[in-house]
Amino acid sequence: MKKIDIHTHITAFPQTACPRKWAKHTFLGLEDQLKIHDNLNVDLGVILPIIAPDCQWMMMSNEEVKYIVDQRPDRYTWFCNVDPRQGNYSPDSDLEYIVGHYKSLGAKGLGELTTPLYADDPMMDNLFSACERLEMPVLIHIAPQHGGDYGIVDELGLPRIEKMLKKHPDMKLIGHSAAFWCEISEGVKQEERNGYPKGKVKEGRLPKLLREYGNLYCDISAGSGENALMRDPEYAAKFLTEFQDRIYYGADVCIPTQTNMYAFDKFFTNMVETGMITREVYEKIIRKNAEKLLGLN
């Protein structure tokens, strides 16, 4: 079964985009991303724009992403992205108008949301309200602290995220990032929130939130999602099985020299081949859950 990658970034103009200073590369262009997706057996990627400039070297607009999707609609679909500060820089901005515009052009959700506001900031709440009314799922990147990183901000234990889950029960919130995935285990320290904690998992805040809030979902892309599962395969099997209907496969390949996604692909495939998870669980996570989310036949 071919995969759907819920977390894809592509720039239409790699030849002129500003490279990330630490990596010396821009985000991938279309052809490079297609090659990686072919290697990963992915036949559909969800492209996520990057529009908040905070702690970013380059942006990818909604219009740029739509341009790419129009070139290869057989291989890509998209989420739009709206900064909660758009419009009037106010909690009263009509963000439903902006999100609705992109939904009318075919956007299937909103993300990757990286604006460095607290998760329960009134402007963030306003955006969540608009997405809830429009039935647009939201994919978020959580930052470990306010300042010095990109992502919406919450403390250890994700109390502000919980507040938004409770306030917006009809909004599908898809969690992502190191600060999100470190919560799979208890005992997380502040200094570990932007890294990859090791060792056996002792059940933490994340599985408890998933049990309590049916509108919380998980994006297992990038080193953060991969590490959360690969650090303790036995617990990963339990986690994937229990929450099999609310987990989405993703790769989050950002630069052409990345290789972590291949090791994770081998690990994940091995889990089903050795019987740690069932074929049904595997197929839901790599494709069927995303088909439901995106409204595909």
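Here are a few things to note about the model shown:
- Test: Leu48 is of a type in the set (A, V, I, L, M), in contact with a Phe, Trp or Tyr (Cβ under 9 Å, 6 or more places away or on another chain) and farther than 24 Å from Pro144 by Cα: no
- Applying the criterion of being within 22 Å of the chain's Cα centre (by Cα) and of a type in the set (Asp, Glu) to the residues of region 80-118, the residue that is nearest to His7 (Cα to Cα) is Glu112.
- Whichever residue in region 1-22 is assigned to a loop (DSSP other than H, G, I, E, B) and of a type in the set (Ser, Thr, Tyr) and, among such residues, is modelled with the highest pLDDT: Thr11
- Within region 91-141, tally of residues that are acidic (Asp, Glu), under 22 Å from Leu294 (Cβ atoms) and surrounded by 18 or more Cβ atoms within 10 Å (Cβ to Cβ): 3
- Candidates Ala290, Ala263: the one that is crowded, with 19+ Cβ neighbours inside 10 Å, out of contact with any Cys (no Cβ under 6 Å at 6 or more places or on another chain), in a helix (DSSP H, G or I) and not hydroxyl-bearing (Ser, Thr, Tyr) is Ala290.
- Number of the exception - Thr26 against (1) within 25 Å of His146 (Cβ to Cβ); (2) crowded, with 20+ Cβ neighbours inside 10 Å; (3) in contact (Cβ under 8 Å) with a residue 60 or more places away in the chain; (4) not aromatic (Phe, Trp, Tyr): (1)
- Screening Asp54 with (1) under 17 Å from Ile152 (Cβ atoms); (2) modelled with pLDDT of 95 or more; (3) of a type in the set (D, E, K, R) gives one miss only, at (2).
- Checked against (1) buried (at least 18 other Cβ atoms within 10 Å of the Cβ); (2) assigned to a loop (DSSP other than H, G, I, E, B), Leu165 passes all but a single condition, namely (2).
- Scanning region 207-237 for residues being in contact with a Cys (Cβ under 9 Å, 6 or more places away or on another chain), aliphatic (A, V, I, L, M) and in contact (Cβ under 8 Å) with a residue 40 or more places away in the chain gives a total of 2.
- Taking region 233-260 as the range and being in a loop (DSSP other than H, G, I, E, B), surrounded by 15 or more Cβ atoms within 10 Å (Cβ to Cβ) and not aromatic (Phe, Trp, Tyr) as the test, the residues that pass are Gly250, Ala251, Asp252, Val253, Cys254, Ile255, Pro256, Gln258.
- The single residue among Val272, Val281 that is over 19 Å from Ile6 (Cα atoms), of a type in the set (A, V, I, L, M) and in contact with a helix residue (DSSP H, G or I) (Cβ under 9 Å, 6 or more places away or on another chain) turns out to be Val272.
- First in region 1-22 and in contact (Cβ under 8 Å) with a residue 24 or more places away in the chain and within 13 Å of Pro49 (Cβ to Cβ), second anywhere and part of a loop (DSSP other than H, G, I, E, B) and among the β-branched types (Val, Ile, Thr), Cβ under 7 Å, 6 or more apart: Thr11/Thr26
- Residues of region 48-88 satisfying the condition of being in contact with a Ser or Thr (Cβ under 7 Å, 6 or more places away or on another chain) and among the polar types (S, T, N, Q): Gln86
- For region 117-151, the candidate set comprises residues that are closer than 21 Å to Lys208 by Cα and not in a loop (DSSP other than H, G, I, E, B); within that set, the residue that is modelled with the lowest pLDDT is Ala143.
- Taken over region 266-287, the criterion of being among the polar types (S, T, N, Q) and surrounded by 13 or more Cβ atoms within 10 Å (Cβ to Cβ) is satisfied by Thr269, Thr278.
- Output for region 53-90, where each listed residue is surrounded by 23 or more Cβ atoms within 10 Å (Cβ to Cβ) and in a loop (DSSP other than H, G, I, E, B): Phe79, Asn81, Val82, Pro84
- Only one of the listed residues (Gly187, Gly195, Gly199, Gly157) is free of Cβ contacts under 8 Å to residues at least 24 places away in the same chain, within 24 Å of Tyr249 (Cα to Cα) and not in a helix (DSSP H, G or I). That residue is Gly195.
The values are calculated or read from the model by the stated rules, or taken from the named source; none is laboratory data. Just so it is clear, the model here is predicted, and its values are computed rather than measured. When we count neighbours, we look across all protein chains shown, and the Cβ atoms used for this are built from the backbone with ideal geometry, even at glycine.
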